[in-house]
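Peer 1: My questions will all concern the structure given below.
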Amino acid sequence: MLGLMQAVPLTVDRIFDHAATWHGSREVVSRDADGLVTRATYAGIHADAKRVSNALAAAGIRPGDRVATMGWNSARHLAAWYGTSGMGAVLHTLNPRLFLEQIAYIANHAGDRLLIADPGLADLVGELLALVPSIERVVFFCDGASLPETAYPALAFDDWIAPFPAEHAWGQFDENTACGLCYTSGTTGNPKGVLYSHRSNYIHALMTLQRDALGLSARDTVLLVVPMYHANAWGVVFSAPAVGAKLVLPGQRMDGESIYNLIESEGVTYSAAVPTVWQMLLQYLEESGKRFTTLERVTIGGSACPESIVRKFRDTYGVDVIQGWGMTETSPLGTVSVPNAAVAAMNDAEQMAYKLKQGRLLCGLEMKLVDDAGQRLPHDGKTPGRLMIKGPTIAAGYFGGEGGEVLDEQGFFDTGDVSTIDAQGYMQITDRAKDVIKSGGEWISSIEIENIALGHPAVAQAAVIGVAHPKWDERPVLICQLKPGAAATAADLIAWLDGRISRWWMPDDVLFVDEVPLGPTGKIDKKAIRARLTGYILPFAADN
Ligand code: ADP
């Protein structure tokens with residue numbers, strides 16, 4: 001027997017209709033590359049989004065066609081986002097920080113027909129057009145006065161949408177219709193496209209709005225540091241309008257001072273970003289002696305959150321840090337580390353250990369650990385295995401069938417992460433499968449060593465990678481970038497790690513670099529480090 005409830009399709013245009021109708025006057029603040037701040041509202045952006053749908057239709061864009069954006073977080077980007085997906089086309093977010101060749105590969109693979117880009121990227125767009133014949137039209141996120149001079153035809157966003165009415169029939173398609181396309185950075189092999197559906201984005205927004213997830217509310221002012229081109233900005237592009245949170249979109253400038261000024265001038269209560277952004281912000285606060293007056297909590301994800309960041313935020317500035325784990329293929333949020341009742345009853349030191357884990361699973365998902373043969377492993381907090389995940393917000397395959405079949409027999413997706421799960425249900429990433437260091441047949445967690453090294457007062461960035469060893473297969477080497485003006489020797493670092501990690505995990509060498517290379521999403525680029533270490537031989541390796 002079927003239930004007797006309304007089968008209203010879960011399409012994301014309804015989220016934005018809701019924001020415009022019931023939170024219409026709530027502000028969306030954008031800052032451009034010159035630091036100029038502009039103010040809009042959900043109702044105003046909703047009207048612009050409808051104009052975008054009409055402009056796209058007039059340009060011959062049909063449902064299912066891919067419309068690319070390549071820009072920083074801004075109100076115009078939000079209007080393009082909903083204007084594209086609301087009319088049934090697919091919003092493809094391109095990451096401008098990738099190499100030209102990678103962007104061209106991705107845009108060609110996606111078959112993008114129209115590109116809306118930040119005016120500061122005009123040169124890059126010119127190079128891209130020569131490589132991506134499918135792009136028929138270029139629009140820049142700006143007004144007519146700021147339109148860059150280009151050798152190719154281009155329109156200013158404001159001029160492009162101005163002639164069109166703020167009415168367009170959105171939705172009216174199946175909730176499983178494709179909504180957005182985002183490519184993973186492809187640290188192994190070519191980038192692969194994750195094709196979100198309206199339904200998956202809608203459900204993900206509801207899942208992340210739980211109090212024990214991102215827990216946004218109508219009273220929050222949200223600084224969206226996570227870029228919109230990175231996995232739906234952790235879904236905040238949907239969840240903030242859904243609840244009517246004020247949105248602050250910081251544009252391109254991510255240095256500590258710019259972020260701090262925006263937090264204070266707009267009264268930001270909540271923010272989300274990768275650890276490197278927070279490290280820059282904390283460093284600025286330390287140097288300037290400034291403090292937060294409104295910030296209550298931050299979500300940190302994308303890479304493991306070092307204890308030093310959690311403590312500094314909490315103990316010095318009274319800001320709660322909540323770690324989240326996820327990936328492009330998981331929409332992206334999968335687990336969040338908030339205390340359950342048992343953990344909340346523990347003492348401070350014990351609670352900290354849980355805060356540093358990647359957390360508990362959101363309702364609606366399933367996860368398991370398996371060995372290389374696909375056999376389930378115990379949830380004992382000790383046994384590492386491949387983390388597999390399943391649910392309505394998890395990819396079932398990649399765009400264009402890249403990578404072939406990606407689910408196991410029970411429909412679980414292989415995350416490529418290696419983790420443990422403890423008796424309380426807390427998952428902890430120990431490595432990415434491709435970064436795992438296998439020494440004498442046992443796994444060494446590079447992430448754990450990195451986190452402890454980062455706790456050393458002189459260390460700004462730390463990366464641990466495996467280097468070939470004649471007897472043990474691989475041994476860990478610690479690569480450190482010191483804070484400006486700070487000094488430390490290899491022996492200092494080894495002494496710091498001594499007693500904090502197992503003896504056999506101790507790095508065989510400590511190397512200092514001016515800058516640990518970061519990838520396009522702000523994560524440590526271990527591939528680049530490995531490339532730099534080509535030919536490097538471990539000290540004493542021959543003797544062991
Ligand atoms: P990529 O980095 O490959 O472009 P994603 O941005 O989707 O792809 O990153 C997903 C990966 O980032 C995860 O598989 C995991 O390895 C890592 N990651 C995300 N959040 C965390 C976290 N809180 N702690 C440790 N690793 C994390």
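Peer 1: Report whether or not residue 495 is part of a helix (DSSP H, G or I), surrounded by fewer than 20 Cβ atoms within 10 Å (Cβ to Cβ) and of a type outside the set (Asp, Glu).
Peer 2: When the stated conditions are applied, residue 495 passes them.
Peer 1: Something else now. Of all residues in the stretch 143-181, which are on the phi > 0 side of the Ramachandran plot and open to solvent by less than 30 Å² (accessible area, probe 1.4 Å)?
Peer 2: 171
Peer 1: From the residues in the stretch 64-74 that are open to solvent by 10 Å² or more (accessible area, probe 1.4 Å) and under 21 Å from the mean Cα position of the chain (by Cα), which one is nearest to residue 108 (Cα to Cα)?
Peer 2: Out of the qualifying residues, it is 72.
Peer 1: Just for strands (runs of 3 or more DSSP E) wholly inside the stretch 1-114: which have at least 1 residues that are closer than 16 Å to residue 238 by Cβ, at pLDDT 95 or above and of a type outside the set (Asp, Glu)?
Peer 2: Qualifying strands (runs of 3 or more DSSP E): 27-31, 66-70, 90-93.
Peer 1: Condition first: open to solvent by less than 10 Å² (accessible area, probe 1.4 Å) and within 16 Å of the ligand (Cβ to nearest atom). Now tell me which residues in the stretch 276-312 satisfy that.
Peer 2: Of everything in the stretch 276-312, those that are open to solvent by less than 10 Å² (accessible area, probe 1.4 Å) and within 16 Å of the ligand (Cβ to nearest atom) turn out to be 278, 298, 299, 300, 301, 305, 306, 309, 310.
Peer 1: Looking only at residues that are of a type in the set (A, V, I, L, M) and crowded, with 20+ Cβ neighbours inside 10 Å in the stretch 26-39, which one is nearest to residue 207 (Cα to Cα)?
Peer 2: 28
Peer 1: Only one of these conditions is not met by residue 266: (1) open to solvent by less than 30 Å² (accessible area, probe 1.4 Å); (2) within 16 Å of the ligand (Cβ to nearest atom); (3) touching a Ser or Thr at 6+ places or on another chain (Cβ under 9 Å). Which number is it?
Peer 2: Going through the list (1) open to solvent by less than 30 Å² (accessible area, probe 1.4 Å); (2) within 16 Å of the ligand (Cβ to nearest atom); (3) touching a Ser or Thr at 6+ places or on another chain (Cβ under 9 Å), residue 266 breaks only (2).
Peer 1: A follow-up question, please. Which of the residues that make up the stretch 162-185 are in a loop (DSSP other than H, G, I, E, B) and within 16 Å of the ligand (Cβ to nearest atom)?
Peer 2: If the condition is that a residue be in a loop (DSSP other than H, G, I, E, B) and within 16 Å of the ligand (Cβ to nearest atom), then 184, 185 are the ones that fit.
Peer 1: What do you reckon, is residue 121 in contact with a helix residue (DSSP H, G or I) (Cβ under 7 Å, 6 or more places away or on another chain), open to solvent by less than 40 Å² (accessible area, probe 1.4 Å) and either assigned to a helix (DSSP H, G or I) or in contact (Cβ under 8 Å) with a residue 60 or more places away in the chain (or both)?
Peer 2: Answer is no for this residue.
Peer 1: Do any residues in the stretch 222-234 that are farther than 20 Å from residue 192 by Cβ and touching a residue at least 40 places away in the same chain (Cβ under 8 Å) have Cβ atoms under 9 Å from those of residues that are within 11 Å of the ligand (Cβ to nearest atom) and assigned to a strand (DSSP E or B), where the two are at least six apart or on different chains, and which pairs are they?
Peer 2: Filtered contacts from the stretch 222-234: 226/299.
Peer 1: Being open to solvent by less than 20 Å² (accessible area, probe 1.4 Å) and either out of contact with any Leu (no Cβ under 9 Å at 6 or more places or on another chain) or under 21 Å from residue 328 (Cα atoms) (or both) narrows it down to one of 23, 18, 77, so name that one.
Peer 2: From the options 23, 18, 77, the qualifying one is 77.
Peer 1: Just to be sure before I move on: is residue 317 within 16 Å of the ligand (Cβ to nearest atom), touching a residue at least 12 places away in the same chain (Cβ under 8 Å) and either aromatic (Phe, Trp, Tyr) or surrounded by 21 or more Cβ atoms within 10 Å (Cβ to Cβ) (or both) in the structure I sent?
Peer 2: No: the conditions fail for residue 317.
Peer 1: Right, next: Considering only residues that are at pLDDT 95 or above, away from the ligand (no atom under 16 Å from the Cβ), in contact with a strand residue (DSSP E or B) (Cβ under 8 Å, 6 or more places away or on another chain) and open to solvent by 60 Å² or more (accessible area, probe 1.4 Å), which ones fall in the stretch 349-377?
Peer 2: Correct list: 366, 376.
Peer 1: Here is a further query. Pairs under 8 Å by beta carbon, first residue more than 30 Å from residue 284 (Cα to Cα) in the stretch 483-511, partner open to solvent by less than 70 Å² (accessible area, probe 1.4 Å) and of a type in the set (D, E, K, R), six or more apart or different chains?
Peer 2: Note: pairs meeting the criteria are 507/475; 508/475.
Peer 1: May I ask you to list the residues in the stretch 461-472 that are more than 14 Å from residue 532 (Cα to Cα), crowded, with 17+ Cβ neighbours inside 10 Å and among the hydrophobic types (A, V, I, L, M, F, W, C)?
Peer 2: Selection gives 462, 472.
Peer 1: Would you point out which residue out of 58, 49 is open to solvent by 20 Å² or more (accessible area, probe 1.4 Å) and of a type in the set (A, V, I, L, M)?
Peer 2: Within the list 58, 49, the selection yields 58.
Peer 1: Here is a further query. Of all residues in the stretch 320-345, which are within 7 Å of the ligand (Cβ to nearest atom) and farther than 19 Å from residue 391 by Cα?
Peer 2: Across the stretch 320-345, the qualifying residue is only 323.
Peer 1: Then there is this: In the stretch 414-442, what residues are in contact (Cβ under 8 Å) with a residue 40 or more places away in the chain, crowded, with 20+ Cβ neighbours inside 10 Å and away from the ligand (no atom under 11 Å from the Cβ)?
Peer 2: Listed by number, the residues that qualify are 420, 421, 426.
Peer 1: Given (1) within 16 Å of the ligand (Cβ to nearest atom); (2) farther than 19 Å from residue 359 by Cα; (3) surrounded by 18 or more Cβ atoms within 10 Å (Cβ to Cβ), identify the lone condition not met by residue 475.
Peer 2: (1)
The values are calculated or read from the model by the stated rules, or taken from the named source; none is laboratory data. Keep in mind that what you see is a predicted model, and the values were worked out from it rather than measured. Every residue, glycine as well, gets a Cβ built from its backbone with ideal geometry; the counts of neighbours run over all protein chains shown. Keep in mind that these areas ignore ligands, DNA and RNA; they rest on the heavy atoms of the full protein, side chains included. Shrake-Rupley method; radii C 1.70, N 1.55, O 1.52, S 1.80 Å.
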